[in-house]
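**Q** Structure in structure tokens, see below.
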Amino acid sequence: MRRLVPVVLFAVLAAVPFLPLGQEANFVLLLVSRVMVFGLAALSLDLLLGVGGMVSFGHAAYLAIGAYAVAVLDANDITDVGVVLAVAMGAAGVFALATGAIALRTRGVNFIMITLAFAQMVFFAFGALSAYGGDDGYSLAARNTVLGWPLLKGRGYYWACLAVLVVAYLLCRMLAASRFGRALRAVKQNPARAAAMGFNPVALQLVAMVVGAMLCSVAGVLLANGAEFVSPAYGTWQRSGDLLIMVILGGAGSLHGAIFGSAFVLLLEEGLGRATEHWRLVFGPLLVLCVIFFRGGLAGIGGRRG
Amino acid sequence: MTLLIVQLLNGVQLGLLLFLIAAGLTLVFGVMDFINLAHGVQYMLGAYLGVAFFGMTGSFWLALVLAAGAAGAAGLVLEWLVFRHLYGRDHLDQVLATFGVIMALNEGVRVIWGAAPLEMPMPEVLSGSFQLMPGLRYPFYRVALIVAGLGVAGGLAWAVNRTRVGMLVRAGTSNAVMVSALGVDIERLFRGVFGVGAVLAGFAGVLAAPLVAVEPAMGDNLLILAFVVIVIGGVGAIRGAFVAAVLVGLVDTVGRTLVTDAVRVALGASGAARVGPAVASMLIYLVMAAVLAVRPAGLFPAARGA
């Protein structure tokens, strides 16, 4: 029964464009694509956090790296999505490899804070790129193209988000179930024991960080294409906090829970935002109550904790 | 040369302000193993309450005392309402719940006092400046801040190292369960430490109010700096927090100037205008990453039991 949840989730997402939405259609599709893009980012964070036990407080940096890959290439008249993705994932992977190797020397709160520190560096670095608008950001000349076709427009964008999300989800699922994923979970539970069994804990965690970073940079590419605008604000530490909220509320380690978490947070934001401009006054306490009374997240409802 | 001296003094002053915030944070973390992201909003609350009490009483000193006290009371209310449910929980739960508190209080302040920055006048006595050396005047108020910071640091060092309560705090940092088993009411100790931390943060908020814009979310950036301080200093250590706070203060002011100059020499004026600010903003995070890469537990980690 619980195995069906992700299937139903993706089926619902695929059905949304066919709903008779009338005037609201564009708005709803945009909102749901946003849910999917942040769902992808949260999913990639869940790979680190839920499966690998690494509380990264700097995941938004990879969103920013992906988005800036779009911007920088756009300024140089390169709009092919293949090139953009390769650059984004390459940059994110290299950054994760370099910073992860240092960050993984630390544990606990120091790991949380050092990942935050690296993300802050990225944030300030992009803010200083005056050729790309500095703090004010950069408006794209055009969305990315697929083999010369402008497919990332209108409903095409929606389908692209959904396709990427499904592929990423299946990839994470496979990774989590593989020998690598099991070893990673063993490291999460007890690094010393995993090491005694012949695994290299740091290497496993580093690989997870790099894969998570690359996936998240794809979310950054999609986000930039959706907004046709890129700014350092993609990488604020509050954004990293939002991603953590999505993963935890959705239920860390369940993978599809991250997508629920994204939907929950973004839809609640939208709903509360319509009722009052001071929606954070409601959202904040709600978050506190969720954490205190509601362990296991959305994916844990109706079943034991994964 | 004169510029360098001013920068040095400003750096020490920023460092001591950071210490006031970081001291509470590191004690709370050390004794209760509790990550309180909401510590920054307590600083903000102090500043706003200071402005409010100044409006009522017309006296800076009265406002300082009342606001620090009220900030402490607000901290205890938060502890009773939210934080005590989170002791012994995952660090991640603590990060999320206190993130929710940040959202609510930042927005709450915006509702009550509006989004526009407020101003707090300096006390009459300290509003002048004096001749530091020929051609160089330095404001009394900043000197007073340095003196106040040093005074609090000295008082805290004495309280932690020389008093019975301080001994319990140190013992609690190294092994809270054992202290509790020896018949100490650890909950009361927790609340006491928490209250002191909140008072210090509020005190810092009022002191900083005449120098900065009092606005919502003013605590967010300082919170990150304070975390950089406690992580560099080693969690739970007052001495480490002091050394790291002054280090971070100096790096952020003196380092900023030196790096901008160095970049100008290396890249020329046009290059410096682009790269300088970015490197300068990243500097403290670079220092933090460097310290953690060499000493993963920080400079002066407190001794911790099992």
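The values are calculated or read from the model by the stated rules, or taken from the named source; none is laboratory data. Note that the coordinates shown come from a computational prediction; the quantities given were computed from them, not determined experimentally. Note that each Cβ is placed from the backbone with ideal geometry, even for glycine, and that neighbours are counted across all protein chains shown.
**Q** Which members of the range B:270-289 meet the condition of being more than 9 Å from chain A (Cβ to nearest Cβ) and either within 24 Å of B:Phe242 (Cβ to Cβ) or at pLDDT 85 or above (or both)?
**A** Answer for the range B:270-289, where residues must be more than 9 Å from chain A (Cβ to nearest Cβ) and either within 24 Å of B:Phe242 (Cβ to Cβ) or at pLDDT 85 or above (or both): B:Leu283, B:Val287.
**Q** Let me ask something else about it. If only one of B:Thr253, B:Thr257 is at pLDDT 85 or above, among the hydroxyl-bearing types (Ser, Thr, Tyr) and in a helix (DSSP H, G or I), which one is it?
**A** B:Thr253
**Q** Oh, and also: Checking B:Pro216 against (1) assigned to a helix (DSSP H, G or I); (2) surrounded by fewer than 24 Cβ atoms within 10 Å (Cβ to Cβ); (3) within 14 Å of chain A (Cβ to nearest Cβ), which single condition isn't satisfied?
**A** (1)
**Q** Then there's this: Of all residues in the range A:131-158, count the ones that are in contact (Cβ under 8 Å) with a residue 60 or more places away in the chain and under 15 Å from A:Leu13 (Cα atoms).
**A** 3
**Q** Another question about this same structure. Are any residues in the range A:141-168 surrounded by 18 or more Cβ atoms within 10 Å (Cβ to Cβ), modelled with pLDDT of 85 or more and not small (Gly, Ala, Ser), and if so, which ones?
**A** Scanning the range A:141-168 gives A:Tyr157, A:Tyr158, A:Cys161, A:Leu162, A:Val164, A:Leu165.
**Q** Can you pull out every residue in the range B:87-112 that is in contact (Cβ under 8 Å) with a residue 60 or more places away in the chain, surrounded by fewer than 19 Cβ atoms within 10 Å (Cβ to Cβ) and under 19 Å from A:Ile112 (Cβ atoms)?
**A** Hit for the range B:87-112 is B:Tyr87, nothing else.
**Q** I would also like to ask the following. If B:Ala104 meets every condition in (1) at the interface with chain A (Cβ under 8 Å from one of its Cβ atoms); (2) more than 30 Å from A:Thr276 (Cα to Cα) apart from one, which number is that one?
**A** Exception for B:Ala104: condition (2).
**Q** Here is a follow-up. For the range A:80-110, what are the residues that are more than 8 Å from chain B (Cβ to nearest Cβ) and touching a Pro at 6+ places or on another chain (Cβ under 9 Å)?
**A** Within the range A:80-110, A:Leu104 is the sole residue that qualifies.
**Q** Let me ask another. Return yes when A:Ser240 is away from every other protein chain (no Cβ under 12 Å), under 19 Å from the mean Cα position of the chain (by Cα), surrounded by 22 or more Cβ atoms within 10 Å (Cβ to Cβ) and in contact (Cβ under 8 Å) with a residue 60 or more places away in the chain and no when it is not.
**A** Working: away from every other protein chain (no Cβ under 12 Å): no; under 19 Å from the mean Cα position of the chain (by Cα): yes; surrounded by 22 or more Cβ atoms within 10 Å (Cβ to Cβ): yes; in contact (Cβ under 8 Å) with a residue 60 or more places away in the chain: yes.
In short, no.
Rundown of residues vs (1) away from chain B (no Cβ under 14 Å); (2) aliphatic (A, V, I, L, M); (3) touching a residue at least 40 places away in the same chain (Cβ under 8 Å); (4) within 30 Å of B:Val111 (Cα to Cα), yes/no style:
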position	(1), (2), (3), (4)
A:Arg173	yes, no, yes, no
A:Ala183	yes, yes, no, no
A:Arg193	yes, no, no, no
A:Gly212	yes, no, yes, no
A:Ser217	yes, no, yes, no
A:Ile259	yes, yes, yes, no
A:Gly284	no, no, no, yes
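**Q** Among the helices (runs of 4 or more DSSP H) lying completely within the range A:1-102, list those that include at least 2 residues that are in contact with a His (Cβ under 8 Å, 6 or more places away or on another chain) and surrounded by fewer than 21 Cβ atoms within 10 Å (Cβ to Cβ). Working first, answer last.
**A** Numbers: elements: A:4-15, A:25-46, A:60-75.
Ranges flagged: A:4-15.
**Q** Now for a different question. Among (1) away from chain A (no Cβ under 12 Å); (2) at pLDDT below 85, where does B:Ala245 come up short?
**A** The single condition B:Ala245 does not satisfy is (2).
**Q** I need every pair where a residue in the range B:21-49 that is under 14 Å from B:Val229 (Cβ atoms) has its Cβ under 9 Å from the Cβ of a residue that is assigned to a helix (DSSP H, G or I) and charged (D, E, K, R), sequence separation at least 6 or different chains.
**A** Short answer, once both residue conditions are applied: B:Gly30/B:Arg170; B:Gly40/B:Asp220.
**Q** Another one. Restricting to the range B:247-269, name every residue that is crowded, with 19+ Cβ neighbours inside 10 Å, more than 13 Å from B:Leu4 (Cβ to Cβ) and not β-branched (Val, Ile, Thr).
**A** B:Leu247, B:Gly249, B:Asp252
**Q** Just a yes or no: is a residue in the range A:13-25 among the acidic types (Asp, Glu) and in contact with a Cys (Cβ under 9 Å, 6 or more places away or on another chain)?
**A** The answer is no, given that none of the residues of the range A:13-25 is among the acidic types (Asp, Glu) and in contact with a Cys (Cβ under 9 Å, 6 or more places away or on another chain).
**Q** Can you tell me which of (1) surrounded by fewer than 17 Cβ atoms within 10 Å (Cβ to Cβ); (2) more than 22 Å from the chain's Cα centre (by Cα); (3) of a type in the set (A, V, I, L, M) is the one A:Leu171 doesn't meet?
**A** (2)
**Q** Determine whether the range B:113-136 contains at least one residue that is within 14 Å of chain A (Cβ to nearest Cβ), part of a helix (DSSP H, G or I) and touching a residue at least 40 places away in the same chain (Cβ under 8 Å).
**A** yes
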